[in-house]
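Heads up, the thing below is written out as structure tokens.
The values are calculated or read from the model by the stated rules, or taken from the named source; none is laboratory data. Values in this document were obtained by computation on a predicted structure and should not be read as measured data. Note that each Cβ is placed from the backbone with ideal geometry, even for glycine, and that neighbours are counted across all protein chains shown.
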Amino acid sequence: MDDIYTYTSFTTSNCYVLTPDVNDGISYVIDLPPDLGDVLNYINSKNFTIGGALLTHGHFDHSLGMSAFDGSIYINLDDEQLARNPEEQLKGFSGLNLNPSKYEGDLISVDNLNNDIKVHSNPGHTKGSTSFEFPNMGVVFTGDFVFKDGIGRTDLYSGNTSEMINSLNSVFTMFPNDYLVYPGHGDKDTVKSIKNNNLLVREYLND
Ligand SMILES: [Zn+2]
């Protein structure tokens, strides 16, 4: 039996703890928001073992918890510098009371993940934006690539609208219709429902 725990950060980003088999108890943490306490408490309370953190991209609301995380951290290295420099990202968010310490540890390329996890590069929101697919469970974690009702903005550093459109057509359409999408913000939904109801996805998908 699998287990998916969802934590929504005060920054509004979602963090997920995915445990494909609760008997072996190896958990993957999808994204590391600044407020990681409840997530680590959940893992401890279940006696799960951390298999690693998988970062969908380097924005601070998905990565600032890196300093508090004791385990391997996987990221598309195109977003490595972004994740290591939260000061730059936080300049426009003066209302947030955050301590953006730089992350000094090693970051591992998502290319090194095991074969049970399919890694999809979907640039557009950032250059290194990545989705993580768990085929055995029929779920995909999309970060700020695709949401239930929208898509990630493309006007931030290393964002690119034409890359986003290309990623929607080449990556998002690859996921089976009955898959559940767990996005970086907001509620989960099926691929089919998003294709039918998400106006921006509909607008950008080729017929
Ligand atoms: Zn983002």
Qualifying residue in the range 124-136 (condition: touching a Lys or Arg at 6+ places or on another chain (Cβ under 6 Å) and not in a loop (DSSP other than H, G, I, E, B)): yes
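Condition first: away from the ligand (no atom under 16 Å from the Cβ) and either under 16 Å from the mean Cα position of the chain (by Cα) or not acidic (Asp, Glu) (or both). Now tell me which residues in the range 10-25 satisfy that.
Across the range 10-25, the qualifying residues are Val17, Leu18, Thr19, Pro20, Val22, Asn23, Gly25.
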One residue from Gly128, Gly186 being at pLDDT 95 or above, at positive phi and within 15 Å of the ligand (Cβ to nearest atom): Gly186
Filter pass, Gly65 being among the small types (Gly, Ala, Ser), more than 30 Å from Lys192 (Cα to Cα), within 14 Å of the chain's Cα centre (by Cα) and away from the ligand (no atom under 13 Å from the Cβ): yes
Candidate set: the range 132-165, residues that are more than 24 Å from Leu180 (Cβ to Cβ) and more than 14 Å from the ligand (Cβ to nearest atom); chosen: the one surrounded by the fewest Cβ atoms within 10 Å (Cβ to Cβ): Ser162
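Being among the aliphatic types (A, V, I, L, M), within 15 Å of Gly58 (Cβ to Cβ) and touching a helix residue (DSSP H, G or I) at 6+ places or on another chain (Cβ under 7 Å) narrows it down to one of Leu168, Leu107, Leu156, so name that one. Steps first, answer last, please.
On the way: Leu168 fails: within 15 Å of Gly58 (Cβ to Cβ); Leu156 fails: touching a helix residue (DSSP H, G or I) at 6+ places or on another chain (Cβ under 7 Å).
Exactly one residue qualifies, and that residue is Leu107.
Given Pro86, Pro123, which one is within 15 Å of the ligand (Cβ to nearest atom), buried (at least 20 other Cβ atoms within 10 Å of the Cβ) and more than 22 Å from Val181 (Cα to Cα)? Reasoning before the result, please.
On the way: Pro123 fails: more than 22 Å from Val181 (Cα to Cα).
Only one candidate qualifies: Pro86.
When you check Ile43 against the structure, is it in a strand (DSSP E or B) and at pLDDT 95 or above, yes or no?
Working: in a strand (DSSP E or B): no; at pLDDT 95 or above: yes.
No: the conditions fail for Ile43.
Kindly evaluate Asp178 against the criterion of being of a type in the set (Asp, Glu), assigned to a loop (DSSP other than H, G, I, E, B) and within 16 Å of the ligand (Cβ to nearest atom).
Numbers: of a type in the set (Asp, Glu): yes; assigned to a loop (DSSP other than H, G, I, E, B): yes; within 16 Å of the ligand (Cβ to nearest atom): no.
No, not satisfied.
Which of the residues that make up the range 18-56 are of a type outside the set (Ser, Thr, Tyr) and touching a helix residue (DSSP H, G or I) at 6+ places or on another chain (Cβ under 6 Å)?
Residues satisfying the conditions are Asp31, Leu32, Pro33, Pro34, Leu36, Leu55.
The rows are residues; the columns are (1) outside any strand (DSSP E or B); (2) under 17 Å from His125 (Cβ atoms); (3) among the aliphatic types (A, V, I, L, M).
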residue: Asn14; (1), (2), (3): no, yes, no
residue: Val17; (1), (2), (3): no, no, yes
residue: Asp21; (1), (2), (3): yes, no, no
residue: Ser27; (1), (2), (3): no, no, no
residue: Gly52; (1), (2), (3): no, no, no
residue: Gly71; (1), (2), (3): yes, no, no
residue: Ala83; (1), (2), (3): yes, yes, yes
Subset tally (residues that are assigned to a loop (DSSP other than H, G, I, E, B) and surrounded by 10 or more Cβ atoms within 10 Å (Cβ to Cβ)) for the range 91-117: 12
Answer residue from the range 12-39, given it is surrounded by fewer than 17 Cβ atoms within 10 Å (Cβ to Cβ) and without any contact (Cβ under 8 Å) to a residue 40 or more places away in the chain and is nearest to Phe69 (Cα to Cα) among those: Gly37
